[in-house]
Amino acid sequence: MALEFNPIQKKWRKELRRVALVYPNRYRGGIANIGLQQIYCEINALDNFVCERFYSDVFNGFRSVESATPINEFDIALFSLQYEQDYSKAVEIAKKFKGLKIAGGPCVMENPVPLKNFFDFFFIGEIEACNVEEILECDKTDIKGMFTGEESMVKRVKPLKLEKHLEYQIIGNGAYGRCVLLEIGRGCKRRCRFCIVRQIYSPVRWRNSENIVEVAKNNRKKVEKAALIAPSPTDHPKFKEILQNLIELGFKVSPSSLRADMVDEELVELLNKAGLKSLTLAPEAGSERMREIVNKGISEEDVINAVSLFSGKFKKIKLYFMIGLPFEGYDDLKAIVELAKKVKKYINRVTLSINPLVPKPHTPFQWLPFDVEELKVKADFLRKELRRANIKAEISKIEEFAIQTALSRGDEKIGRLLSKSRIKVGDIKDYLSEIPVDSELPWDFIDHGYKKERLIKEYEHLYSVE
Ligand code: SF4
């Protein structure tokens, strides 16, 4: 962990209750998470509590960053669960911790059932929408958004409008580099069928552009770089204006992602001035047919138009694709290679990142099978074709995504495997098959405000048009 600016060193008094904020993955990801920074600041602003951070690569997750205090000297531990692959580490820490254990984050909003036996409470909602003190004082009484494992229905706490951005933040060397994190929006107006963001963070909300620029300005002396964070940042109605203002303040800026259909000459000019080095676009699929199936709303023309505008100004680009989409054939896989070849004509250094589709709870794809063997064959096919075309590709390990699928769609039984040192695909086969649409699902008890019938309709519609 490199040097960081601004960590809070609260003066110790013995009446203070200690809260451990646990991110069961590397420091790099944890420090780049603005939600965690928000909780950290809110707790430390309370008179009766002090909060310190834990990361899996700092003292193996068992001592705090601030004071190297062992976790068992804390009264409460708040776990932030962002990815299914963090469950094993979270469980390892939770099993050794004797105090009150509360978990939150996107995985909890998705489906906390596999983790039911390792935590006292789960919080289903966004941090700004809750009273943190009420949660820390909580003794399993009636708190909105709390799941203790007993409730038959839990409504996600109603999300609030995004008010003022967090002013104070720790500046560390995180996933976006050493920078000020600017969360410009939450939720997404798009309707990609594989994506859980549109469901668990709805409705889409944007932060005031002047407030964003003000926060950046106040941090300018500490850093030269700003990260603009949102599920789809270029959809912010004043995205270019924010970018322009940050450039004028002398910032290098990197947005968390770009949408090909939002790229025009003006944006390319701004990104160039903002010192952006590497571009990423997510066509998700190679063929128009597959992109329609996932409802990405981006055409090949959009991708080619974007890269033609980038050409000459940017030297490298990364393209994200998924495999294992419904009705996908080998022609659709070849279309990935063909699209990459076309992009290469404009930008020579093209890298592909290829991941299998994880059918996520709360999405219209939640019932889909995850076929490990078929995916391995498809991944090998792509590996060969891309090698032949001289295109660099990072193809994820299919087994890892199978485990992610099983944990995200899992029940209490699969939770038992989390105590094992390693989960094998053979242990989780039952969780990878297609799920009948009329089945009761472990996560049905969470009310995110959508109607399940709508997801069924969308899922069945796919099969009727094919
Ligand atoms: S994949 Fe991106 S654009 Fe599509 S719904 Fe999710 S966040 Fe929005």
| remark: Non-local residues with an amide H under 5 Å from the amide H of Arg17, with H modelled 1.01 Å from N and Pro and chain starts lacking one, are Phe49, Val50
| query | Which ³J(HN,Hα) values in Hz, rounded to whole numbers, follow from the phi angles of the range 107-123 under the Karplus curve 6.51 cos²θ - 1.76 cosθ + 1.60, where θ = phi - 60° and Gly and Pro get x? | reply | 5, 6, 5, 7, 5, x, 4, x, 9, 3, 7, 10, 10, 7, 9, 10, 10
| task | Compare the Cα positions of Val372, Pro283, Leu357 along the charge dipole of the range 277-466 (+1 at Cβ of Lys, Arg; -1 at Cβ of Asp, Glu; about the Cα centre) and return the one farthest towards the positive end. | result | Pro283
| request: Quick one: compute the contact order of the range 176-273, relative version, from alpha carbon pairs under 8 angstrom and 6+ residues apart, as a percent. | output: 30
| note | Answer in debye to the nearest 20: the dipole magnitude of the range 17-155 about its Cα centre, from +1 Lys/Arg and -1 Asp/Glu charges placed on Cβ, is 540
| query | What size of dipole, in debye to the nearest 20, comes out for the range 400-466 about its Cα centre when the only charges are +1 on Lys and Arg C-beta atoms and -1 on Asp and Glu C-beta atoms? | reply | 400
| said: With both bridge residues required to lie in the range 17-155, what share of the DSSP beta bridges run antiparallel, to the nearest 5%? | reply: 15
| request: Go through the range 157-171 residue by residue and turn each phi into a ³J(HN,Hα) via Karplus (6.51, -1.76, 1.60, θ = phi - 60°); whole Hz please, and just put x for glycine and proline. | output: 4, 4, x, 9, 4, 7, 8, 4, 6, 3, 7, 8, 8, 7, 9
| message | Treating only the Cα positions of the range 266-373 as identical point scatterers, give the base-10 log of I(q)/I(0) from the Debye formula at each q in 0.14 Å⁻¹. | response | -0.60
| field | Projected area, mean over directions - the range 221-276, Cα convex hull, nm² | value | 3.6
| query | For the chain, what proportion of DSSP beta bridges, expressed in % and rounded to the nearest 5, is antiparallel? | reply | 15
| request: Over all alpha-carbon pairs in the chain, figure out the percentage whose distance exceeds 40 Å. | output: 20
| note | Over 22 Å (Cα to Cα) among Lys158/Lys189; Lys225/Lys296; Lys164/Lys451; Lys161/Lys318; Lys345/Lys392 -> Lys225/Lys296; Lys164/Lys451; Lys161/Lys318
| message | Over the range 17-155, how many pairs of lysines fall under 14 Å by alpha carbon, counting only those 8 or more apart in sequence or from different chains? | response | 4
| message | Using the Cα centre of the chain as the reference point, and only Cβ charges (+1 on K/R, -1 on D/E), how large is the resulting charge dipole? Debye, rounded to the nearest 20. | response | 1740
| Just from the alpha-carbon atoms, what are the Rg and Dmax of the range 277-466 in angstroms? | 18.2, 54
| query | Using only the Cα atoms of the range 17-155, what do you get for the radius of gyration and for Dmax, in Å? | reply | 13.6, 41
| message | For a bin width of 10 Å, list the pair-distance distribution of the range 176-273 built from all Cα-Cα distances, rounded to whole %. | response | 16, 48, 29, 6, 0
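Read-outs: derived from the displayed coordinates by stated rules, not from any lab. Computed from a predicted structure; not experimentally measured. Here Cβ is always computed from backbone atoms with ideal geometry, including for glycine, and neighbour counts include all displayed protein chains.
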